[in-house]
Amino acid sequence: MAPTPFIIVAIDGGAASGKSSSARTLSERFHLLHVDTGSYYRALTAEMLRRGVPANDPAAVQAALTDIKLGTRVEGRSARMEIGGRVAGDEIRSREVNDHVSHFAAIPALRNALLSYQRGQAEVARQHSFRGLVMEGRDIGSVIFPDANFRFFLHADQNERARRRASEGQQDSIAERDRLDSSRKTSPLACPPGATSIDTTHQTLVEVVELMATAIAATPGFA
Ligand code: C5P
């Protein structure tokens, strides 16, 4: 019998486009390791803020990065970033981090530090006997895993996304983050050629996930 394939699912999109909910549901359904790369950028941002490193000083950011030791902890089906052996808490969803994260994420040295770390999550998934990886972010299907088995790009009307964030009780300038994320020089937010683009404005989470799950379940030996 042929061995069960290991699959990589990339989900990209703007803030509050439905990535996290979809990725979490797919990870449960297909036993995939769930990797929320936004939480990695957030954790590094919180660490830079803690150290007093400003986002407008790329050299200082680069210097700080050489001193930061990254690890991974798997909790349930989710991968969590460890910085110096510690997993960041709720502070990564704070207003301060929301306001700074896109500025740090535009720094090439910081993105570069995360590039091999994020690719290495596939090995973490294999070591923990997952059937694959579902990774969400902004540049997963374009830069991190351009050869992923599935690449989805979610988008939604801006008012609807603001409503979703507010209903989570979060103060988040999603329009400003999207503007910064889409206009940066390194790995901007964009639907890469060949990815499946899904408008989630008028679709329920169940409908969006069903669309993705149907495609994934058609993988030979995977359903
Ligand atoms: O997904 P989330 O909204 O938590 O991401 C926070 C920020 O991290 C984004 O606004 C973006 O600046 C950055 N990010 C990124 N590339 C990724 C994931 C997140 O630049 N792959």
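The values are calculated or read from the model by the stated rules, or taken from the named source; none is laboratory data. Note that the structure is predicted; figures quoted are calculated from it, not measured. Positions of Cβ are backbone-derived with ideal geometry, glycine not excepted, and every protein chain shown enters the neighbour counts. Surface accessibility is based on the protein's heavy atoms, side chains included, excluding ligands, DNA and RNA. Shrake-Rupley method; radii C 1.70, N 1.55, O 1.52, S 1.80 Å.
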For ARG184, indicate whether it is within 13 Å of the ligand (Cβ to nearest atom) and over 21 Å from TYR40 (Cα atoms).
-> no
Which listed residue, of ASP67, ASP57, is more than 17 Å from the chain's Cα centre (by Cα), closer than 24 Å to ARG177 by Cβ and without any contact (Cβ under 8 Å) to a residue 12 or more places away in the chain | ASP57
If you scan the range 171-189, which residues turn out to be part of a loop (DSSP other than H, G, I, E, B) and either within 22 Å of PHE150 (Cα to Cα) or within 15 Å of the chain's Cα centre (by Cα) (or both)?
-> SER187, PRO188, LEU189
Considering (1) within 23 Å of VAL209 (Cα to Cα); (2) open to solvent by less than 50 Å² (accessible area, probe 1.4 Å); (3) modelled with pLDDT under 95, say which one SER173 fails and leave the rest.
-> (1)
Filter result for GLU47 (exposed (fewer than 13 other Cβ atoms within 10 Å of the Cβ) and modelled with pLDDT of 95 or more) = no
Checking GLY38 against (1) touching a helix residue (DSSP H, G or I) at 6+ places or on another chain (Cβ under 7 Å); (2) within 12 Å of the ligand (Cβ to nearest atom), which test does it fail?
-> (1)
Check whether at least one residue in the range 200-221 is open to solvent by 70 Å² or more (accessible area, probe 1.4 Å) and acidic (Asp, Glu), and report yes or no.
-> yes
In the range 17-33, which residues are open to solvent by 10 Å² or more (accessible area, probe 1.4 Å) and either farther than 16 Å from ARG151 by Cβ or more than 11 Å from the chain's Cα centre (by Cα) (or both)?
-> GLY18, SER20, SER21, ARG24, THR25, GLU28, ARG29, PHE30, HIS31
Looking at the range 75-162, what helices (runs of 4 or more DSSP H) fall wholly within it and have at least 1 residues that are within 16 Å of the ligand (Cβ to nearest atom) and open to solvent by 40 Å² or more (accessible area, probe 1.4 Å)?
-> 95-105, 108-119
Return yes or no: is ILE7 touching a Phe, Trp or Tyr at 6+ places or on another chain (Cβ under 8 Å) and away from the ligand (no atom under 16 Å from the Cβ)?
-> yes
Residues in the range 57-68: is at least one touching a strand residue (DSSP E or B) at 6+ places or on another chain (Cβ under 8 Å), in a helix (DSSP H, G or I) and not hydrophobic (A, V, I, L, M, F, W, C)?
-> no
Within the range 190-223, count every residue that is under 21 Å from PRO5 (Cβ atoms), assigned to a loop (DSSP other than H, G, I, E, B) and of a type in the set (S, T, N, Q).
-> 1
